[in-house]
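To keep things clear, I will list the structure first and then write my remarks on it.
Read-outs: derived from the displayed coordinates by stated rules, not from any lab. This structure is a prediction, so every number in the text was calculated from the model and none was measured. Here Cβ is always computed from backbone atoms with ideal geometry, including for glycine, and neighbour counts include all displayed protein chains.
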Amino acid sequence: MMIELNDDNSVSNYFKSARLGINSIATLFDRHEKEIPVYDEHVQLADLVSNPEAVLPVYTLTGNIFKRGELYIYMKDNSLLPAWDKHDLILLKSVDQAVLVAGDKYYFVLEDKRELAGVLTHDETHFIITPDNEEYDKEWLKPCAVLKMYKIMGGLKKEEALREREKKG
């Protein structure tokens with residue numbers, strides 16, 4: 001690699017700016033941080049879908065480039081045990097039926113206001129949701145019964161969520 005030097009043997013501005021660009025990777029992450037709303041465990045996601053202005057988050061957490069979700073909810077049951085317990089925060093991202101991937105974990109909001117979480121498989125006419133917790137049964141859903149779908153992007157254990165909230169002050 002050839003380096004350009006100025007008449008006084010200093011590195012040219014072109015290379016200085018390239019070097020600064022590499023060192024300023026932290027600013028890239030800062031620009032991608034956003035406030036992600038956290039909804040109380042008593043919030044029904046069906047209400048949030050149908051009337052988002054009526055449902056307010058209890059607080060927000062700062063998400064970074066690695067946390068690509070839209071909202072956090074508290075788990076209402078133990079269907080995702082052992083990974084996520086009741087009262088852990090789950091990070092969700094809204095998805096369309098056309099982009100569902102078999103084998104990924106999803107959170108479904110149904111027309112009858114039920115909420116289901118688990119691994120997706122499907123046949124020609126149904127979504128099949130298999131909860132991680134073996135105490136819960138598989139659910140077979142017709143696509144027309146689904147009001148909204150979210151991909152589970154990750155989450156925070158209850159204790160970790162409390163620490164994150166305390167950081168915000």
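Couple of notes before you dig in:
- Projected-area average for region 91-169 over all orientations - Cα convex hull basis, square nanometres: 6.4
- Each of residue 100 and residue 137 was given a label point 7 Å from its Cα along the Cα-to-Cβ line. The distance between the two points is 1.9 nm.
- Sorted on the mean count of surrounding Cβ atoms within 10 Å across their residues, most packed first, peptides 94-105, 121-132, 35-46 read 35-46, 121-132, 94-105.
- Radius, Kirkwood style, for region 26-169 when every pair of distinct Cα atoms is counted (Å): 15.8
- For residue 146 and residue 54, a Förster radius of 35 Å and the Cβ-Cβ distance give a FRET efficiency of 0.95, rounded to the nearest 0.05.
- Estimated at 0.36 nm per residue, the fully extended path between residue 41 and residue 77 surpasses their Cα-Cα distance by 12.0 nm.
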